[in-house]
1. Take Ala122 and decide whether it is modelled with pLDDT under 95 and not β-branched (Val, Ile, Thr).
2. What about Ser131, is it within 30 Å of Gly67 (Cβ to Cβ), hydroxyl-bearing (Ser, Thr, Tyr) and either touching a residue at least 40 places away in the same chain (Cβ under 8 Å) or surrounded by fewer than 15 Cβ atoms within 10 Å (Cβ to Cβ) (or both)?
3. Looking at the stretch 56-92 only, could you name the residues that are within 18 Å of Thr9 (Cα to Cα) and either modelled with pLDDT of 95 or more or crowded, with 21+ Cβ neighbours inside 10 Å (or both)?
4. Of everything in the stretch 103-121 that's part of a strand (DSSP E or B) and under 19 Å from the mean Cα position of the chain (by Cα), which residue is nearest to Lys191 (Cα to Cα)?
5. Anything in the stretch 63-93 that is under 12 Å from Leu105 (Cβ atoms) and assigned to a loop (DSSP other than H, G, I, E, B)? List them, or say none.
6. With (1) within 18 Å of Ala84 (Cβ to Cβ); (2) surrounded by 13 or more Cβ atoms within 10 Å (Cβ to Cβ); (3) not β-branched (Val, Ile, Thr) as the list, and His193 as the residue in question, which single condition is left unmet?
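The values are calculated or read from the model by the stated rules, or taken from the named source; none is laboratory data. Here the structure is a predicted model, which is why all the values come from computation and not from measurement. Cβ placement follows ideal geometry from the backbone for every residue including glycine, while neighbour counts extend to all protein chains displayed.
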Amino acid sequence: MSGKLYLVTTPIGNLQDITLRALETLKSVDVIAAEDTRRTRQLLTHFDIHSKLISYHAFNEHGKTDGILQMIENGQNIALVSDAGTPSVADPGFYLVRAAKQAGLTVEVIPGVSAVTFSVTASALPVDQFSFWGFVPVKSGRKQQFFEEMKNEKRTVFMFESPYRIAKTLELIKEVLGEDTQIAIIREATKIHEEVITDSVVNIIAKNSDRVWKGEFVIGVYPNQD
(Lines give C-alpha, C1' and ligand atoms only; values in the text may rest on other atoms or scores of the structure.)
Protein backbone atom coordinates (compact mmCIF):
# COMPACT_ATOMS: atom_id res chain seq x y z
CA MET A 1 0.00 0.00 0.00
CA SER A 2 1.26 3.47 -0.90
CA GLY A 3 2.03 6.05 1.74
CA LYS A 4 0.93 9.67 1.67
CA LEU A 5 2.41 13.11 1.05
CA TYR A 6 1.56 15.69 3.72
CA LEU A 7 1.98 19.44 3.15
CA VAL A 8 2.50 20.74 6.67
CA THR A 9 2.25 24.43 7.57
CA THR A 10 4.78 25.53 10.19
CA PRO A 11 4.88 28.73 12.29
CA ILE A 12 6.04 31.96 10.66
CA GLY A 13 7.40 33.27 13.95
CA ASN A 14 5.74 32.29 17.21
CA LEU A 15 6.26 28.55 17.65
CA GLN A 16 3.03 28.28 19.63
CA ASP A 17 1.11 28.87 16.39
CA ILE A 18 1.75 25.31 15.22
CA THR A 19 -1.40 23.20 15.24
CA LEU A 20 -1.95 19.98 17.16
CA ARG A 21 -2.59 18.25 13.84
CA ALA A 22 0.73 19.48 12.44
CA LEU A 23 2.60 18.21 15.49
CA GLU A 24 0.92 14.83 15.27
CA THR A 25 1.74 14.57 11.57
CA LEU A 26 5.40 15.55 11.97
CA LYS A 27 5.81 13.00 14.75
CA SER A 28 4.16 10.17 12.83
CA VAL A 29 5.68 10.46 9.34
CA ASP A 30 8.69 8.43 8.23
CA VAL A 31 10.51 11.38 6.64
CA ILE A 32 10.26 15.18 6.74
CA ALA A 33 11.44 16.95 3.58
CA ALA A 34 12.48 20.47 4.58
CA GLU A 35 13.42 23.60 2.65
CA ASP A 36 16.03 24.41 5.32
CA THR A 37 16.95 21.45 7.51
CA ARG A 38 18.75 23.64 10.07
CA ARG A 39 15.69 25.80 10.67
CA THR A 40 13.33 22.83 10.70
CA ARG A 41 15.64 20.98 13.11
CA GLN A 42 15.16 23.83 15.60
CA LEU A 43 11.39 23.42 15.34
CA LEU A 44 11.57 19.65 15.72
CA THR A 45 13.91 19.89 18.70
CA HIS A 46 11.59 22.38 20.42
CA PHE A 47 8.70 19.93 20.16
CA ASP A 48 10.80 16.78 20.77
CA ILE A 49 10.17 15.33 17.30
CA HIS A 50 12.64 12.80 15.96
CA SER A 51 11.41 11.96 12.45
CA LYS A 52 14.11 11.60 9.79
CA LEU A 53 14.94 14.91 8.08
CA ILE A 54 16.06 15.43 4.47
CA SER A 55 16.54 18.57 2.38
CA TYR A 56 14.11 19.58 -0.36
CA HIS A 57 14.40 23.08 -1.76
CA ALA A 58 14.23 25.10 -4.97
CA PHE A 59 17.73 24.07 -6.02
CA ASN A 60 17.32 20.31 -5.67
CA GLU A 61 13.59 19.65 -6.10
CA HIS A 62 13.93 18.39 -9.67
CA GLY A 63 16.58 15.91 -8.65
CA LYS A 64 14.90 14.71 -5.46
CA THR A 65 11.25 14.49 -6.45
CA ASP A 66 11.43 11.04 -8.04
CA GLY A 67 13.12 9.64 -4.95
CA ILE A 68 10.45 11.05 -2.66
CA LEU A 69 7.68 9.68 -4.87
CA GLN A 70 9.37 6.27 -4.78
CA MET A 71 9.43 6.37 -0.98
CA ILE A 72 5.70 7.13 -0.92
CA GLU A 73 4.95 4.38 -3.43
CA ASN A 74 6.89 2.01 -1.16
CA GLY A 75 4.55 2.82 1.73
CA GLN A 76 6.36 5.63 3.52
CA ASN A 77 4.59 8.78 4.71
CA ILE A 78 6.42 12.01 3.82
CA ALA A 79 5.83 15.49 5.23
CA LEU A 80 6.91 18.54 3.21
CA VAL A 81 7.66 21.74 5.12
CA SER A 82 9.05 25.11 4.04
CA ASP A 83 11.19 27.49 6.13
CA ALA A 84 8.00 28.86 7.64
CA GLY A 85 4.37 29.04 6.60
CA THR A 86 2.73 26.94 3.92
CA PRO A 87 4.60 24.93 1.25
CA SER A 88 3.91 26.06 -2.34
CA VAL A 89 3.04 29.65 -1.29
CA ALA A 90 6.15 31.43 -2.62
CA ASP A 91 8.07 28.36 -1.39
CA PRO A 92 8.92 24.90 -2.81
CA GLY A 93 6.01 22.50 -3.08
CA PHE A 94 4.16 22.91 -6.36
CA TYR A 95 6.50 20.69 -8.36
CA LEU A 96 6.29 17.81 -5.87
CA VAL A 97 2.53 18.11 -5.40
CA ARG A 98 1.92 18.07 -9.14
CA ALA A 99 4.16 15.04 -9.59
CA ALA A 100 2.46 13.22 -6.72
CA LYS A 101 -0.99 13.91 -8.15
CA GLN A 102 0.11 12.76 -11.59
CA ALA A 103 1.40 9.54 -10.03
CA GLY A 104 -1.96 8.94 -8.39
CA LEU A 105 -0.62 9.41 -4.86
CA THR A 106 -2.59 10.87 -1.97
CA VAL A 107 -1.75 14.44 -0.93
CA GLU A 108 -3.08 15.86 2.34
CA VAL A 109 -2.77 19.49 3.43
CA ILE A 110 -2.23 20.29 7.12
CA PRO A 111 -3.20 23.98 7.29
CA GLY A 112 -2.02 26.67 9.67
CA VAL A 113 -0.70 30.20 9.90
CA SER A 114 0.43 31.97 6.72
CA ALA A 115 2.13 35.35 6.28
CA VAL A 116 -0.32 36.09 3.47
CA THR A 117 -3.52 35.36 5.38
CA PHE A 118 -2.14 37.06 8.50
CA SER A 119 -1.46 40.20 6.45
CA VAL A 120 -4.85 40.14 4.74
CA THR A 121 -6.52 40.03 8.14
CA ALA A 122 -4.30 42.65 9.78
CA SER A 123 -4.01 45.17 6.93
CA ALA A 124 -7.23 47.15 7.49
CA LEU A 125 -7.48 47.42 3.69
CA PRO A 126 -10.48 46.21 1.64
CA VAL A 127 -10.03 42.44 1.34
CA ASP A 128 -13.41 41.11 0.25
CA GLN A 129 -11.29 40.37 -2.82
CA PHE A 130 -7.49 40.37 -2.88
CA SER A 131 -4.55 39.00 -4.85
CA PHE A 132 -1.06 37.82 -3.94
CA TRP A 133 1.76 38.76 -6.30
CA GLY A 134 4.68 37.00 -4.59
CA PHE A 135 8.02 38.77 -4.24
CA VAL A 136 8.57 42.27 -5.63
CA PRO A 137 11.09 41.97 -8.49
CA VAL A 138 14.64 43.05 -7.71
CA LYS A 139 15.69 44.51 -11.08
CA SER A 140 14.54 48.09 -11.60
CA GLY A 141 12.88 47.57 -15.01
CA ARG A 142 10.83 44.58 -13.89
CA LYS A 143 10.01 46.33 -10.63
CA GLN A 144 8.69 49.38 -12.49
CA GLN A 145 6.56 47.15 -14.71
CA PHE A 146 5.31 45.24 -11.64
CA PHE A 147 3.74 48.39 -10.20
CA GLU A 148 2.64 49.77 -13.57
CA GLU A 149 0.55 46.61 -14.04
CA MET A 150 -0.94 47.18 -10.61
CA LYS A 151 -2.64 50.36 -11.83
CA ASN A 152 -5.38 48.27 -13.42
CA GLU A 153 -5.87 45.99 -10.42
CA LYS A 154 -9.22 46.43 -8.67
CA ARG A 155 -8.31 44.33 -5.65
CA THR A 156 -5.90 44.89 -2.78
CA VAL A 157 -2.55 43.36 -3.70
CA PHE A 158 -0.21 41.68 -1.21
CA MET A 159 3.48 41.05 -1.84
CA PHE A 160 6.71 40.11 -0.06
CA GLU A 161 9.60 42.56 0.11
CA SER A 162 13.11 42.67 1.55
CA PRO A 163 13.95 45.17 4.33
CA TYR A 164 16.92 46.29 2.22
CA ARG A 165 14.67 47.42 -0.62
CA ILE A 166 11.49 48.51 1.11
CA ALA A 167 12.34 52.24 1.27
CA LYS A 168 12.87 52.41 -2.50
CA THR A 169 9.77 50.30 -3.07
CA LEU A 170 7.64 52.78 -1.12
CA GLU A 171 9.01 55.62 -3.25
CA LEU A 172 8.15 53.68 -6.41
CA ILE A 173 4.60 53.00 -5.18
CA LYS A 174 4.19 56.75 -4.58
CA GLU A 175 5.58 57.55 -8.02
CA VAL A 176 3.58 55.01 -10.02
CA LEU A 177 0.32 54.67 -8.07
CA GLY A 178 0.09 58.09 -6.44
CA GLU A 179 0.97 59.55 -3.06
CA ASP A 180 -2.52 59.01 -1.62
CA THR A 181 -2.43 55.26 -2.30
CA GLN A 182 -3.42 53.38 0.85
CA ILE A 183 -0.95 50.71 1.84
CA ALA A 184 -0.23 48.44 4.78
CA ILE A 185 3.18 47.32 5.96
CA ILE A 186 3.12 44.14 8.01
CA ARG A 187 6.48 43.57 9.71
CA GLU A 188 7.63 40.57 11.74
CA ALA A 189 4.20 38.92 11.86
CA THR A 190 3.62 36.84 15.04
CA LYS A 191 7.09 37.75 16.38
CA ILE A 192 8.16 39.93 19.32
CA HIS A 193 8.51 43.08 17.20
CA GLU A 194 5.32 42.59 15.19
CA GLU A 195 4.11 45.82 13.62
CA VAL A 196 1.27 46.78 11.28
CA ILE A 197 1.20 50.24 9.69
CA THR A 198 -1.74 51.32 7.51
CA ASP A 199 -1.75 54.79 5.94
CA SER A 200 -1.20 56.61 2.67
CA VAL A 201 2.17 55.82 1.14
CA VAL A 202 3.25 59.47 1.34
CA ASN A 203 2.52 59.59 5.09
CA ILE A 204 4.36 56.35 5.75
CA ILE A 205 7.40 57.63 3.86
CA ALA A 206 7.35 60.94 5.77
CA LYS A 207 6.97 59.31 9.19
CA ASN A 208 9.75 56.81 8.54
CA SER A 209 12.23 58.89 6.56
CA ASP A 210 15.15 58.16 8.90
CA ARG A 211 14.20 54.60 9.69
CA VAL A 212 16.40 51.60 9.00
CA TRP A 213 13.87 48.90 8.17
CA LYS A 214 14.51 45.47 9.67
CA GLY A 215 12.66 42.15 9.68
CA GLU A 216 10.39 40.25 7.33
CA PHE A 217 7.78 42.23 5.41
CA VAL A 218 4.48 41.88 3.60
CA ILE A 219 3.13 44.96 1.83
CA GLY A 220 -0.52 45.42 1.01
CA VAL A 221 -1.49 47.96 -1.65
CA TYR A 222 -4.99 49.17 -2.45
CA PRO A 223 -4.27 50.58 -5.94
CA ASN A 224 -7.70 51.76 -7.08
CA GLN A 225 -9.59 53.95 -4.65
CA ASP A 226 -12.19 55.50 -6.96
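1. Spelling it out, it is not the case that Ala122 is modelled with pLDDT under 95 and not β-branched (Val, Ile, Thr).
2. No.
3. If the condition is that a residue be within 18 Å of Thr9 (Cα to Cα) and either modelled with pLDDT of 95 or more or crowded, with 21+ Cβ neighbours inside 10 Å (or both), then Tyr56, Asn77, Ile78, Ala79, Leu80, Val81, Ser82, Ala84, Gly85, Thr86, Pro87, Pro92 are the ones that fit.
4. Filtering the stretch 103-121 for residues that are part of a strand (DSSP E or B) and under 19 Å from the mean Cα position of the chain (by Cα), the one nearest to Lys191 (Cα to Cα) comes out as Ile110.
5. Answer for the stretch 63-93, where residues must be under 12 Å from Leu105 (Cβ atoms) and assigned to a loop (DSSP other than H, G, I, E, B): Asn74, Gly75, Gln76, Asn77.
6. So His193 meets the others, but not (2).
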